[in-house]
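Okay, structure first, notes after.
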Amino acid sequence: MTAAFDPHDRASWYFGPLSRQDATDLLMAEREGGVFLVRDSTSMHGDYVLCVREDNKVSHYIINKVQQGEQIRYKIGDQMFSDLPSLLSFYKIHYLDTTPLIRPAFRRIEKVVAKYDFEGRDPDDLPFKKGEHLTIVSKDEEQWWTAMNSLGKTGSIPVPYVQLVRFSLFFTITRSSFAQAQFLIYVFV
């Protein structure tokens, strides 16, 4: 089976600062092997991790960012690549352990609505008004999360001031190299 994802579409496969456990949970919810994502390494700053659903497990492959003279290259195992899209292209046709890369994982997005006004006291805080909808970026602590408002501004928000209102699933389906469709599905909780 030929993988139908675009390795140059970074937004479809790069999940940023996602924890190992969150990546595992996300990929274990997938039904097929070969579903993947790339996240920042939490143990090796500046490196990445390729997380792949393989059989009944999730494998986490470290991608080392290597400086070679003036160039930055990316190393996974004994393979070296000029950039991350080249690495993903290679593993579209070559097996990692038990599968090649098939498609990026569905991107789950959590939304909250403000129960109260929050002015913020710290420059890192994200002020908001009661009724405002925010997108959760990360759940950094039990009582403080990072969120983004409708203007694209991010900051810390107090969890007791918001309520989870819906779970969204964002994914891209590529039918050919020329036709691409995006879907956003809301499931209210």
Is at least one residue of the range 90-105 within 19 Å of the chain's Cα centre (by Cα) and without any contact (Cβ under 8 Å) to a residue 24 or more places away in the chain?
-> no
Residue 116 vs. criteria surrounded by fewer than 19 Cβ atoms within 10 Å (Cβ to Cβ), at pLDDT 95 or above and out of contact with any strand residue (DSSP E or B) (no Cβ under 7 Å at 6 or more places or on another chain) = yes
Could you tell me whether any residue of the range 11-26 is assigned to a loop (DSSP other than H, G, I, E, B), at pLDDT 90 or above and in contact with a Pro (Cβ under 9 Å, 6 or more places away or on another chain)?
-> no
Check on residue 35, within 21 Å of residue 75 (Cα to Cα), hydrophobic (A, V, I, L, M, F, W, C) and free of Cβ contacts under 8 Å to residues at least 40 places away in the same chain | no
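Any residue at all in the range 69-78 that's within 19 Å of residue 105 (Cβ to Cβ) and outside the structural domain of residue 146 (by TED's automatic domain parsing)?
Looking for residues that are within 19 Å of residue 105 (Cβ to Cβ) and outside the structural domain of residue 146 (by TED's automatic domain parsing), one finds at least one in the range 69-78, hence yes.
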Check on residue 99, at pLDDT below 95, β-branched (Val, Ile, Thr), part of a loop (DSSP other than H, G, I, E, B) and crowded, with 16+ Cβ neighbours inside 10 Å | yes
Tell me, yes or no, whether the range 42-54 has at least one residue that is in contact with a helix residue (DSSP H, G or I) (Cβ under 8 Å, 6 or more places away or on another chain) and assigned to a loop (DSSP other than H, G, I, E, B).
-> yes
When residue 151 is run through (1) hydrophobic (A, V, I, L, M, F, W, C); (2) over 17 Å from the mean Cα position of the chain (by Cα); (3) not in a loop (DSSP other than H, G, I, E, B), the failure sits at (3)
State which residue pairs qualify: first residue under 20 Å from residue 100 (Cα atoms) and inside the range 57-86, second residue among the hydroxyl-bearing types (Ser, Thr, Tyr) and assigned to a helix (DSSP H, G or I) in any location, beta carbons under 7 Å apart, and separation of 6 or more residues or different chains.
-> 58/24
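The values are calculated or read from the model by the stated rules, or taken from the named source; none is laboratory data. Bear in mind that the values here come from a model prediction, so they are computed numbers and not experimental data. Positions of Cβ are generated from backbone atoms using ideal geometry, with glycine treated the same way; all protein chains shown enter the neighbour counts.
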